[in-house]
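The values are calculated or read from the model by the stated rules, or taken from the named source; none is laboratory data. As the structure is a prediction and not an experimental result, all values here were calculated from the model. Note that we place each Cβ from the backbone using ideal geometry, even for glycine, and neighbour counts take in every protein chain shown. These area figures cover heavy atoms from the full protein model, side chains too; ligands, DNA and RNA do not enter into them. Shrake-Rupley method; radii C 1.70, N 1.55, O 1.52, S 1.80 Å.
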Amino acid sequence: EWAMAGWVEVLPLILCSHDENFAWLNRTDDNKTAIKLANPKTAEYQVIRTSLLPGLLKTIRENRKHPLPIRVFETSDIAVKDTSAERQSRNIRHAAAVWCNKTAGFEIVCGLLDRIMAMLEVPRIFTHTENATHGYYLKETEDPTFFPGRAAKIFYRPKGNPPYSESQMSQTPSASGTAQEAAASGPVAAVKEAVSAAVSKLKSTGDVEIGLIGILHPTVVEKFEIPYPCSALEFTLEPFMKEVPHIWADDA
């Protein structure tokens, strides 16, 4: 669908340098996520990417002399550490796209997200439809990779996970008797109980954070030697992937 919309699919390497994966995106390495090579041949192949953005931005860097706008996307796997798995790691299917032009074009990548969600039959949840039982929505956030005030998290509400209603909240002990007990014991306890109730409400909605969208921070495009502003989106496809049939299964 993205290719039919005029975007160019690219296939960069899954390996990248540590700086490209973290420092150049204004991110820090927690030493718990990225899979690092013990003896990399060059400084460009030190880690397995945990994001598709470095490969897309390097592609734009090498093709920055092409006519604008440059619009590229990739649908592929990233890899992260997973101590619960037998091989201590797992692959996650991601989709990402970057728009590069003389203007940031944030509305362009928003439209691209709307298009792919429409093809996945996932409706947009607006303020007046916030009680919908299925769909996706954006929520403003601050992320060092993106320009301040120009980034949002992408949330997905799977089918069968209705939002938490106010009537349900009023019936929970944490929001009624327990909260009153906390208030009686002191203001600090009351605040802690209110925060706990809010977290419980968020968890009970079943909404899943699947990605980010926004205008890339100027320092990010500068480090990748891109002379124009860029907007990007990246999200996981795992919630939408249907079970693959076992083609080698013997049905007889």
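Residues that are in a helix (DSSP H, G or I) and over 20 Å from the mean Cα position of the chain (by Cα) do occur in region 47-60, at least one of them. Residues in region 61-94 that are in contact with a helix residue (DSSP H, G or I) (Cβ under 9 Å, 6 or more places away or on another chain), open to solvent by 30 Å² or more (accessible area, probe 1.4 Å) and either part of a strand (DSSP E or B) or more than 26 Å from residue 104 (Cα to Cα) (or both): 71, 76, 93. Within region 19-31, if we keep just the residues that are part of a loop (DSSP other than H, G, I, E, B) and within 18 Å of the chain's Cα centre (by Cα), the residue that is surrounded by the most Cβ atoms within 10 Å (Cβ to Cβ) turns out to be 22.
Every residue, every condition in (1) acidic (Asp, Glu); (2) part of a helix (DSSP H, G or I); (3) under 23 Å from residue 54 (Cα atoms); (4) at pLDDT 50 or above, yes or no:
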residue	(1), (2), (3), (4)
152	no, no, yes, yes
156	no, no, no, yes
168	no, yes, no, no
220	no, yes, yes, yes
234	yes, no, yes, yes
247	no, no, no, yes
250	yes, no, no, yes
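Specify the residue that is nearest to residue 19 (Cα to Cα); the eligible residues are those in region 140-160 that are open to solvent by 40 Å² or more (accessible area, probe 1.4 Å) and over 12 Å from the mean Cα position of the chain (by Cα). The selected residue is 144.
For region 95-132, residues that are surrounded by fewer than 14 Cβ atoms within 10 Å (Cβ to Cβ) and of a type in the set (Phe, Trp, Tyr) total 1.
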